[in-house]
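Report on one structure; see the data block that follows.
Nothing in this text is a laboratory measurement; each read-out follows from the coordinates by a stated rule. Remember, predicted model here, so these are calculated numbers, not experimental data. Cβ sites come from the backbone with ideal geometry, for glycine too, and all protein chains shown count toward neighbours.
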Amino acid sequence: MLYVGGKWVEDGELAVHPEDRGYNFGDGIYEVVRIYKGRLYMWDAHIARLLRSAREIKLELPWSEKDLTEIARQLMEKNNISENDDATLYLQVSRGAAPRVHDIPAGIEPVLMGFVRPKARPLADLKKGLTAQLIEDIRWLRCDIKTLNLLGAVLVKQYAKDAGAQESILHRNGTVTECSASNLFAVKDGALYTHQADHLILHGITRQVVIELAKQNGIAVHEEAFDIDFLKQADEVFLTSTTAEVMPIISIDGQPVGGGSVGPVVQKLQALFEQHISADVLV
Ligand code: PMP
């Protein structure tokens, strides 16, 4: 069962208005939330980011935090998500349906849509790591907004796949930003480096968790942009996201990172993350 604009619908049932602006323009916002063992992980942070994205695109949400939590709960219940299940919750808000013009029509009503899908943790990849390819960051200049408009992300990921890699690492004129759907970290001499949380990256929730876990455990963190040369000389490289967690990158453009296997700092952060997701942050 999916939730679409106040109704419960079956998978595959038609529910989107042809002139919904999410559908026509990508005019809307979304969140992907992790469900571990039937419970929401970092829910408050996802809601806070959704509210921020809404403000940034001048979208007034008619739902309170409590309403959204209730819908998330019902989605899990109606889809029989139990304490044995790992899953993801997808929530999106489109600006709504109206005759097609670019500016924002007065009185338009946002449409909330949500679904839950079973999703196992990527345990094999977490051990082995992924290969990556450097790709020019062709996205717009407000990557801090989690918008439905993902064509840039679609293309850069496909360019990486076409080049034979599993992930894209994006750069703007040689400055490394993030990956197509995750944040990027380099490890040099035991310290972490990651692009500052400005308009050029999504302010990832997993990124923030990892930064805090690192600091609490004596690992220095530098939130500052670095270039391709620095990345290629890093001891270890990893990406973070809701679904990929703390994912090692073991080669870039066909060259091994560090020793070409998963390094000690990444392993340490993976262990800390593992503790975090089984702790009391689940709701
Ligand atoms: N950057 C981009 C471009 C993303 O789409 C995502 C989310 N998939 C992230 C970073 C990671 O954010 P989070 O840790 O909140 O999932």
### Query
Taking square-rooted eigenvalues a ≥ b ≥ c of the alpha carbon gyration tensor, is region 1-56 rounded, prolate or oblate, where a/c under 1.5 means rounded and, failing that, a/b exceeding b/c means prolate?
oblate
### Task
Using amide H atoms built 1.01 Å from N in the peptide plane, name the residues 5+ places from residue 252, or on other chains, whose amide H lies under 5 Å from its own.
132, 257
### Task
Would you compute, from DSSP H runs of 4+ residues alone, the mean residue ellipticity of the chain at 222 nm, taking -39500 (n - 2.57) per run and dividing by the full residue count, rounded to the nearest 500?
-8500 deg cm²/dmol
### Task
Towards the positive end of the charge dipole of the chain, with charges on Cβ (+1 Lys, Arg; -1 Asp, Glu), say which of 158, 283, 28 has the farthest Cα.
283
### Query
With charges only on Cβ, +1 for K and R and -1 for D and E, what is the dipole size of region 2-119 about its Cα centre, in debye, rounded to 20?
280 debye
### Relative contact order (%) - the chain, alpha-carbon pairs under 8 angstrom, separation at least six
19 percent
### Query
Counting Lys and Arg as +1 and Asp and Glu as -1, each charge on the Cβ, what is the dipole of the chain about the Cα centre in debye, to the nearest 20?
180 debye
### Message
Could you work out the relative contact order of region 124-277? I mean the mean sequence separation of Cα pairs under 8 Å and 6+ apart, divided by the number of residues, in percent.
### Response
27 percent
### Summary
Note on region 17-77: contact order normalised by length, alpha-carbon pairs under 8 Å, 6 or more apart, percent, works out to 23 percent
#### Entry: Residue (of 61, 42, 16) at the positive-pole extreme of region 2-119, dipole from beta-carbon charges
42
#### Entry: Anisotropy class of region 174-259 from Cα gyration tensor, a/c 1.5 cut
rounded
### Summary
Once phi for every residue in region 37-53 is put through the Karplus expression 6.51 cos²θ - 1.76 cosθ + 1.60 (θ = phi - 60°), the whole-Hz ³J(HN,Hα) values, with Gly and Pro written as x, are 6, x, 10, 6, 9, 6, 4, 4, 5, 5, 5, 4, 5, 4, 5, 5, 4
### Task
Amide H neighbours of residue 236 under 5 Å, at least 5 residues apart or on other chains, H built in the peptide plane: list them.
187
## Note on the structure
Checked the chain against the a/c 1.5 cut and the a/b vs b/c comparison, axes a ≥ b ≥ c from its Cα gyration tensor; verdict prolate
### Query
Quick one: Cα centre-to-centre distance for region 155-193 and region 62-79, in angstrom?
34 Å
